[in-house]
Amino acid sequence: MEGPALAPSLKNIAPQQEYLLQGSILDAHTDALLHRLRGLCDNAESSFETFNDYEAVYMLRNSSTTQQSQYVLFRVRHALDIPDAPDHIRYLGQAEMGDRTRPTLVRACLDVACSSNVREFLTEMGFRMDHDYVAKGIFFHKGRMKVLVYKIYRLIQPGSTDPKNLEQLGNSHLVELSVVAPLGQEQIGEDMKTFSEQLKPLVMLEKFDHRRLQ
Amino acid sequence: MGVSCVYSYPVPEGRSGAQVVDLLQKQVEMLGGIKAGTFLVDCETYQSVMLNTPKTLHILHNSEHPASCFAILDSGATLVADTLFNGLMSNLKNYYQARKGAKIESKGQRFQLSDFILKVGSVSLAGSMKGILVEVEYCPSAIAADCWNLMKELLQSLIGGVAESPPRSLKPKMEEVYTPATTMLQYLNHFNNFRTAAAMSQPAR
């Protein structure tokens, strides 16, 4: 037992950044992409790793009227296919697009595993649920790069994640290439760019400015 | 990991806290306790700002669970998370602010006595000693009701009548499977008492 010396060192883990590229592909062509990814990524011999997550986004707002526009979002995830797994809070910072020379979007990223009463706890802290969805798809990794090919489902009746209650959004799959790494590792962006070139022309992975979508 | 009970041990007048801690430690060693490292439980308190209903959030750490962080609201709702939860709190600094000078901790020697772990901690608030907390853990059991009598016997030989009945936050959970969150609730209760006592003893300005 290390004793008290261990605790403070674990409290101050270097800030992590997420490097992200996104794109989409029509459902009909997903198989071709999956086969290519299987060839490019690690663990080509094993079967696809799937995931099925319920994500609820919680918002904390300032109640003073002058600062209504200020808020913080916590994304709470829970694996529907592994009910015993811990829940998971993810905080994402403001996205930095950078200039043309920067290959990916970069944002602060904090992942915290927690006990499963997190929804009630956040509500009690003053958070309100903003929106929720189910993400179902397949997960690949190559080195520390992570590739997700997934689909977003809307909950028809709020609160129930029963498959009958899910409605798919759109006719395409989302494709995400991301790496979570400590601050200041710009090299990883280049690696991601090279990797994304190999998926063309099936899917064009780009850095999207989410603020422009709103 | 087993069932833990935490008691506050009064410091008699005319004695310093350090003397009493020393005495307790000697007593544990007389019982056959063997020194097994040190321990630390700390608590930081955050106050909500700009929220309609004011809320208090306590963030506790325990060296016994070095990768975890315990967040407890006034209502007793407890969230167990990775220590990275501290990082989340710093992103909430516009909503929850750390109360100044409210950091309180209990630290001291940890002893092993066959199936028991005993901890004698001195409590300090903003750098000054406020009291003594004694924790006894009985490792082989997970249900407090099953081992309370056994623990009581050991506790009474050490701290006497203070341990007449189970701690307040443990009482409603005697029949349930014990979790480390209950230990933290016990510590928080004691910490809050020490803080109230410290606020009372301060001269009014």
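All other residues with a Cβ under 15 Å from the Cβ of B:GLN19 taken together, and with Lys, Arg as +1 and Asp, Glu as -1, what is their net charge? Each step should come with its number before you reach the end.
On the way: positive: B:ARG15, B:LYS26; negative: B:GLU13, B:ASP22.
Residues close to B:GLN19 contribute a combined charge of 0.
Within segment B:128-143, name every residue whose backbone N is under 15 Å away from a label modeled 7 Å from Cα of B:VAL177 along the Cβ vector.
In segment B:128-143, the label zone of B:VAL177 (backbone N under 15 Å from the point 7 Å along Cα→Cβ) covers B:141-143.
Please work out the FRET efficiency for the pair A:GLU190 and A:ARG36, using the Cβ-Cβ distance as r and a Förster radius of 22 Å; give the result to the nearest 0.05.
Values: r = 21 Å, r/R0 = 0.94.
It comes to 0.60.
Multiply the residue separation of B:ALA142 and B:SER157 by 0.36 nm, subtract the distance between their alpha-carbon atoms, and state the gained length in nm to one decimal.
Working: separation 15, 0.36 × 15 = 5.40 nm, distance 2.26 nm.
Between B:ALA142 and B:SER157, full extension yields an extra 3.1 nm.
Tell me the angle of helix B:17-31 to the major Cα principal axis of chain B, expressed in degrees between 0 and 90 and rounded to the nearest ten.
40
Counting partner chain Cβ atoms within 10 Å of every residue's Cβ in B:73-83, what's the average?
Values: counts 3, 1, 2, 0, 6, 3, 13, 8, 10, 10, 9.
Whole-number average of other-chain Cβ neighbours for B:73-83 is 6.
When a footprinting reagent is the concern and you count Cβ atoms within 10 Å, what order do B:ARG168, A:ARG154, A:ARG77 take, fewest first? Display every interim value, and only then the final one.
Numbers: B:ARG168 10, A:ARG154 13, A:ARG77 20.
The fewest-first ordering by Cβ neighbours comes to B:ARG168, A:ARG154, A:ARG77.
In degrees from 0 to 90, rounded to the nearest 10, what is the angle of the helix B:180-201 Cα long axis to the longest principal axis of chain B?
Once rounded, one gets 70 degrees.
What is the Cα radius of gyration of the protein assembly as shown over 2.2 N^0.38 Å, N being its residue count? Could you put the intermediate results ahead of the total?
Details: Rg = 25.8 Å, N = 419, 2.2 N^0.38 = 21.8 Å.
For the protein assembly as shown, the normalised Cα radius of gyration is 1.18.
Mind listing which GluC sites (Glu not before Pro) in segment B:101-205 are in a DSSP loop and have 10 or fewer other Cβ atoms within 10 Å? Walk me through the intermediate numbers first.
Details: sites: B:GLU105, B:GLU135, B:GLU137, B:GLU153, B:GLU164, B:GLU175, B:GLU176; in loops: B:GLU164, B:GLU175, B:GLU176.
When the GluC sites (Glu not before Pro) of segment B:101-205 are filtered for loop state and at most 10 Cβ neighbours within 10 Å, B:GLU164, B:GLU175 remain.
Mind listing which trypsin sites (Lys or Arg not before Pro) in segment B:1-87 are in a DSSP loop and have 16 or fewer other Cβ atoms within 10 Å? Spell out each step's value before the answer.
Working: sites: B:ARG15, B:LYS26, B:LYS35, B:LYS55; in loops: B:ARG15, B:LYS55.
Here the trypsin sites (Lys or Arg not before Pro) that fit, given the DSSP loop and packing criteria, are B:ARG15.
Return a single number: how many Lys pairs in chain A, at a sequence separation of 8 or more or on separate chains, have alpha-carbon atoms below 25 angstrom apart.
Lysine pairs satisfying the spacing and distance rule in chain A number 17.
For B:ARG168 paired with A:ASP130, estimate the spin-label separation in nm (one decimal), with each label point 7 Å from Cα along the Cα-to-Cβ line.
So the label points at B:ARG168 and A:ASP130 sit 3.9 nm apart.
If you average the sequence gap of Cα pairs under 8 Å that are 6 or more apart and divide by the length of chain B, what percent do you get for the contact order? Intermediate values should be presented prior to the final figure.
On the way: 362 pairs, mean separation 54.9, N = 205.
Reported as a whole number, the value is 27 percent.
Stick to the Cα atoms of segment B:3-199, pair each with every other, and give me the Kirkwood hydrodynamic radius in Å at one decimal.
Details: mean 1/r = 0.0571 Å⁻¹.
Hydrodynamic radius (Kirkwood, Cα only) of segment B:3-199 equals 17.5 Å.
Whole Å is fine, so just give me how far the alpha carbon centre of segment B:89-114 lies from that of segment A:70-132.
After rounding, the separation between the Cα centres reads 24 Å.
For chain A, with a Gaussian network of springs between Cα atoms less than 10 Å apart, report the residue from A:SER46, A:SER172, A:SER196 with the top mean-square fluctuation.
Among A:SER46, A:SER172, A:SER196, the largest GNM mean-square fluctuation belongs to A:SER46.
Kindly give Rg over Rh for chain A, based on alpha-carbon atoms, with the Kirkwood expression for the hydrodynamic radius.
Details: Rg = 18.7 Å, Rh = 19.2 Å.
Value, to two decimals: 0.98.
What range in chain A is the longest one free of chymotrypsin sites (Phe, Trp or Tyr not before Pro) that are in a loop by DSSP and have at most 16 other Cβ atoms within 10 angstrom? Intermediate values should be presented prior to the final figure.
Values: sites that count: A:PHE48, A:PHE208.
Formally, the longest exposed-site-free interval is A:49-207.
With the contact rule set at Cα under 8 Å and sequence spacing of 6 or more, what percent relative contact order holds for chain A?
It rounds to 30 percent for chain A.
No value in this document is a laboratory result; all are computed from the given coordinates. All figures in this text were calculated on a predicted structure; none of them were measured in a lab. Ideal geometry is used to build each Cβ from the backbone, glycine not excepted, and the neighbour counts take in all protein chains shown.
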